[in-house]
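The values are calculated or read from the model by the stated rules, or taken from the named source; none is laboratory data. Here the structure is a predicted model, which means the values were calculated and not measured. Every residue, glycine as well, gets a Cβ built from its backbone with ideal geometry; the counts of neighbours run over all protein chains shown.
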């Protein structure tokens, strides 16, 4: 009734392969260790900025915290000094305008003497403020250039700027060569080029007023331009003593209100003068040439303030404060002089 043999008889033993008829494949191999390259790739990505929950990530331990830059307090505007500089600008403008009235055909010497005095002040102020290498040599060369420029402006047959250009070039070359001869000054020859050029060109610029006085309507142009420049410089400094805002730079004790207001008042005064002068002057022409001269003077004065602040920030010791504060108005009139000559040649 029952078979005497087991149903498993005759079957092969289990092999390494799958069972016959089994729907499953071989058993899966064990998982290997995580890939090293993938770990390095994740390390390169760096820490996450924001976690999944929205919390900010922690700052890495090796991250350095940069300290905040310390803001320097603005330089204080000294009211008495600003008023004194305004008074000097006014006196300098009055002296130049009245000196121009003494000039006439065959009588250029009085005006040339006044110009020479202003040039000596310019040399003193700018050499003491800029402190070029071989200061004494640069000062002596500049004085010689001033005398030669005034003589060329008075004695030249034709009123022009060519003789003044030759004098300026010769003085600059002589000043540079004199500093190159000295072994001590060769190291700072690059610094000396700029300072020597500025002083020599500024000295020669005043000589253009003598040339302009020899041109028809030149004396009237000097009156209009130098009056506008003097008023602009005076008003700008006076406003700085009362309301030096908005400050143009924390290290420069000047305000934008004085700079803009001075140029505007100077232009207005030149237009009023133009209504009283004879042909070819009109209020419009006088206002135009006065505006150019006033803006040139005010910007030159402002540039001197920036240069002085740069020297102080560089650690240079200030010297002879009277000369340093005379530098701005003198530089303003030095730039206004060739501007007056150019505007007279173009518009009159």
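Give the residue, chosen from 310, 315, that is more than 16 Å from the chain's Cα centre (by Cα) and over 22 Å from residue 235 (Cα atoms).
Being more than 16 Å from the chain's Cα centre (by Cα) and over 22 Å from residue 235 (Cα atoms) holds for just one of 310, 315, which is 315.
Taking the stretch 237-291, which residues are out of contact with any helix residue (DSSP H, G or I) (no Cβ under 7 Å at 6 or more places or on another chain) and part of a helix (DSSP H, G or I)?
Those that are out of contact with any helix residue (DSSP H, G or I) (no Cβ under 7 Å at 6 or more places or on another chain) and part of a helix (DSSP H, G or I): 242, 256, 260, 264, 268, 272, 284.
Got a number for residues in the stretch 212-233 being in a helix (DSSP H, G or I) and surrounded by fewer than 24 Cβ atoms within 10 Å (Cβ to Cβ)?
5
List the number of the failed condition for residue 328; all other conditions in (1) farther than 23 Å from residue 209 by Cα; (2) under 22 Å from the mean Cα position of the chain (by Cα); (3) at pLDDT 90 or above hold.
Checking residue 328 against (1) farther than 23 Å from residue 209 by Cα; (2) under 22 Å from the mean Cα position of the chain (by Cα); (3) at pLDDT 90 or above, the one that fails is (1).
Looking for whichever is surrounded by fewer than 23 Cβ atoms within 10 Å (Cβ to Cβ), under 24 Å from the mean Cα position of the chain (by Cα), modelled with pLDDT under 95 and closer than 30 Å to residue 148 by Cβ here; the options are 248, 193. Which one fits?
Result: 193 is the single residue among 248, 193 that is surrounded by fewer than 23 Cβ atoms within 10 Å (Cβ to Cβ), under 24 Å from the mean Cα position of the chain (by Cα), modelled with pLDDT under 95 and closer than 30 Å to residue 148 by Cβ.
Checking residue 270 against (1) touching a residue at least 24 places away in the same chain (Cβ under 8 Å); (2) over 29 Å from residue 129 (Cβ atoms); (3) surrounded by fewer than 23 Cβ atoms within 10 Å (Cβ to Cβ): exactly one of these is not met. Which one?
With (1) touching a residue at least 24 places away in the same chain (Cβ under 8 Å); (2) over 29 Å from residue 129 (Cβ atoms); (3) surrounded by fewer than 23 Cβ atoms within 10 Å (Cβ to Cβ) applied to residue 270, the lone miss is (3).
Could you please find all residues in the stretch 103-126 being free of Cβ contacts under 8 Å to residues at least 12 places away in the same chain and touching a helix residue (DSSP H, G or I) at 6+ places or on another chain (Cβ under 9 Å)?
Correct list: 104, 110, 113, 117.
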